[in-house]
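Have a look at the structure below, then the notes.
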Amino acid sequence: GQETWDKLRFGRVQDTFMTYTVYDDILTLRLVEEVCSLLDVSADVFLKLFGEHFFNFCKQAGYDTMLRTLGGNLIEFIGNLDALHSYLALSYQEMNAPSFRVEMTDGGKMLLHYYSDRKGLHPIVPGIMEAVAREFFDSKVTMVVLNQSEEDERTGKKEHVVFLVKQINQVQKTIDQDYPSHKGEEFLKSMKDRYVSLAEKKSGWDLIRAVVLAEKGGHRCTFRPCYPEKLWMEEKAFCNAFPFHIVFDEDLKIRQTGVNIQKFVPGLQARDATLDQHFTVIHPQVTLTIESIRKFINSQFVLKNYNDQHSTLKLRGQMLWMDSLGCMLYLCSPKLRSLKELRDVGLHLADLAPHDVTRDLVLLNQQRLAEMELTNQLERKKEELRILSHHLEAEKQKTETLLYAMLPRHIANQLKDGKSVKAGEFEVCTILFSDVVTFTNICAACEPIHVVHMLNSMYSKFDRLTNIHDIYKVETIGDAYMVVGGVPVPIETHAHRVANFALGMRIAAREVTNPVTGKPIQIRVGLHTGPVLAGVVGEKMPRYCLFGDTVNTASRMESHGLPDHIHLSASTYSELKDAGFNIQQRGQIEVKGKGHMTTYFLLGNLLASEESIMGREVGKSLYTEVLDDQRKPGEEEKIHGTVKTVNFCVVNMWTSVNFTAPDPSHFDATPPFSWDITPPYETNSCNTPANDVNSRLCVLL
């Protein structure tokens, strides 16, 4: 299954395999070892299962018809496997296929000899043969290893495994079941009575003919070929009709050759030329002796001319032993895969006999090779596209991360899906503004890079706190930092979250160094609670902005605050007064544009430690209520601060881009830091408001 394969290839084997690429057997054996370790099975069991699967794979790959025509029984099928491998080698030139030979003992036992250059893979054979017998010949086969040794019948260090094959014919078994002994006796008695009745009327050959006709061909006569007393073909005509053939005796001395093989291997015309002087056996890999050839007489023999320095001529054909002459006839033709090989050897199609199928094979295989090359190119392109798709997915994740840093997640998802996002009116939320005390003096006394590093350090800590307390970062301009709780997802504890965030900001600011004095920086924080209008504005860089008097009042709370203090409005105080926060009344102050207002200072949280506010306590949360996007249907009215939709212009920027929503498990990840570098506005360290009404983020309605 796919799940097991994913476990297997994860850090163990490579990701993909190409159809026409040759891989080393070390990788195969390693793959088998890893599978056996993962599935806790033995190598023999797994390889046998693989053999059965490989047979089914070959059928599905289009070789079903070809496999069915290899033979009428299992022995014929195995005997023609080498010929099939030789044909497939035309397409898969570097294929290192095994070889098979069937031996029938005097006791009627069937032995299957398996030869291979690749050790350790012989358990595949029983899996294949059992599947073949069951699928093609309706029989059951059991195979037992009788002997396993180094190859001694053929050249080279090859593996030689001998299997004892037992075959049970299911059809015969069915017939025996359908015709029990007593029914068989009745059948024979009726046949006997029928023949006796025929014998009373006819005799001799008429009786025999009547019996044969009565059975309607049930008993077929054994075919016996008829041979002429004289071969009606002269020697010259034979050598011309079969231009590629060799006749040699028991001592490998060449007695006769075809006309074209003489042209390309002129040494064969010498008086005492022998076969082993000019050729070596490529397949089957046996010693070039009469005994070895006769042992593998049913195999297809491939000989290579190794004396020719310019081109290598390979011959492929059949060995026929002529007992009366004591000679071997090698009826062959050039082994060619393509027109290029035909030219490399120096042959032309005219050199091949008209009846030789090599002509058609070369032309057809030329087209097949072209199709294989096209298929190989398509596979390579597919693999390249897979890699590019993987890289594209990584880049898309980066883009989405940047997008979610600019816009609320559900708002960004709506824009990606091509939906129209309407502005929303939030009945209640809490807004926070902060700035750095004496920021103007810092900018005047420091290098710009020092200011950038200071802001980067401060904002990185603040951004982490927004994830901890689940509030939305609206904007940063210069040293100004603006967040909101309860927008864009309404939540009951919006004021509590923003208040804890403000306490965390003050703690985090103490870890940021003032580049001028070398001491920790000081910030001013202001909070206000009230209704706002929120929506996406802009085309080149769309932003999710807040509009309303609540924004302006929160800004005033920050600008009228004191260094290292958290300034609260009366509305925010009413949300926090019974929630365990330590709050001190400041009294009435003159607020520019607002008149006299009673304000407060937030000193701390009596119910939460500094570690929990900073999010350093693992597995502990300050908030327990359900978020708006996690509530069940019908629970919307339970949340204080329901969103009302109003008509507001929203610019949709991503209608033509196809994105996929990210994994929700990534929601808690800290987004990458981003900030805007704009001319800093004036700050004032005293209690009186600065004349900076035009430097705020808010837009008044």
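Let me check I have the definition right: for segment 29-122, take the eigenvalues of the Cα gyration tensor, multiply each by 5, take square roots. What are those semi-axes in whole Å, largest first?
Semi-axis lengths for segment 29-122 are 25, 19, 14 Å.
Just add up the charged neighbours of Val532: K/R +1, D/E -1, any other residue whose Cβ is under 11 Å from the Cβ of Val532.
Net charge in that neighbourhood comes out at -3.
Summing +1 for each Lys or Arg and -1 for each Asp or Glu, what net charge is found among the other residues whose Cβ lies under 14 Å from the Cβ of Lys48?
Neighbour charge sum, excluding Lys48 itself: -2.
Between their Cα atoms, which of Lys166/Lys295; Lys230/Lys340; Lys396/Lys422; Lys398/Lys577 are more than 32 Å away from each other?
Lys230/Lys340; Lys398/Lys577
Once you compute Rg and the Kirkwood Rh from C-alpha atoms, what is the Rg to Rh ratio for segment 529-581?
Radius of gyration relative to Kirkwood radius: 1.10.
Cα gyration tensor of segment 418-614, axes a ≥ b ≥ c as square roots of the eigenvalues: rounded (a/c below 1.5), prolate (a/b > b/c) or oblate?
Since a/c stays below 1.5, the shape of segment 418-614 is classed as rounded.
Working only with C-alpha atoms, what are the Rg and Dmax values of segment 235-355, expressed in angstrom?
13.7, 42
In the full protein assembly as shown, how much of Phe136 is accessible to a 1.4 Å probe, in Å² to the nearest 10?
40 Å²
The values are calculated or read from the model by the stated rules, or taken from the named source; none is laboratory data. Since we're looking at a predicted model, the values are computed, not measured. In this analysis, Cβ positions are derived from the backbone assuming ideal geometry, glycine residues included, and neighbour counts consider all displayed protein chains. Note: areas computed on protein heavy atoms with side chains; ligands, DNA, RNA excluded. Shrake-Rupley method; radii C 1.70, N 1.55, O 1.52, S 1.80 Å.
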